[in-house]
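Working notes, structure below.
Computed from the coordinates by the stated procedures, all read-outs in this text should not be read as laboratory data. What you are looking at is a predicted structure, and each value in this text was computed from that prediction instead of being measured. When we count neighbours, we look across all protein chains shown, and the Cβ atoms used for this are built from the backbone with ideal geometry, even at glycine.
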Amino acid sequence: MILVCAATRLEASACRDGLADVGARAAVLQTGVGPARAAAALGARLHAAPLPSLVVSSGFAGALSPGILLHTVVTATGLHRLGPEGVVPVPLPAGGLRPFAGALPCQFATTDGVWAAVAPGLPAPAAVDMESAALAETAAAAGVPVAVLRVISDTPTAPLPPFAVALGAALVAGPSLAGLRAVGGALAAAARHPVAAVAFARSSFAAARALRAAWRERGA
């Protein structure tokens, strides 16, 4: 059995629905947003249940390279952490990272927050998310290979609106008082920009449909 890990309810539902469409034998784990929460959720699951044959990091991702279109299905051929010190490769055992056929192969960077800039030193095509490296390290520690299957939700020419960036940062903070206040601030900012908010919602649901279709095509 494979274990599909997705950060948010929208992403997890899209994965679950796509797998259910083809009767795939897989489980979906909603981890929460960010590397720390993803690693903790996966670690708890791996200790509490039989080990899966594969862990898949799924959901949305941002394009770091020009030319990658919105809602493109991408997979990882290399994993890196991206922070103030630059790009640092994530060491994995041979065969520990398994790309999906039919998806655009990318170098993937994982950050602690929403990243809207380029990543110097990361060859194109490249994408960014907040969970894949942490999930891969946790899976590798348990001897389980990992794969990445994600859908592009923002690009250099179609970036996330500022309130979506703020909402992502609030979700990483988790259910703390400061995090709840940040969520409220992000939602208030969205309300002040209704046209952008509607466009963002439509794009997010379109990305979710693309993610469901990606799992429908590959779930068998």
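Annotations for the structure displayed:
- Cα gyration tensor shape of region 1-56, rounded if a/c is under 1.5, else prolate or oblate by comparing a/b with b/c: oblate
- Placing a pseudo-label 7 Å from each Cα along the Cα-to-Cβ vector at residue 13 and residue 209 gives an inter-label distance of 1.5 nm.
- With θ taken as phi - 60° and the Karplus curve 6.51 cos²θ - 1.76 cosθ + 1.60 applied, the whole-hertz 3J(HN,Hα) list for region 80-90 is 9, 9, 10, x, x, 7, x, 8, 10, x, 8 Hz, x standing for glycine and proline.
- Cα gyration tensor shape for region 20-125, rounded if a/c is under 1.5, else prolate or oblate: prolate
- Amide hydrogen proximity for residue 57: with H placed 1.01 Å from N in the peptide plane, the residues at 5 or more positions away or on another chain lying under 5 Å are 5, 147, 148, 149.
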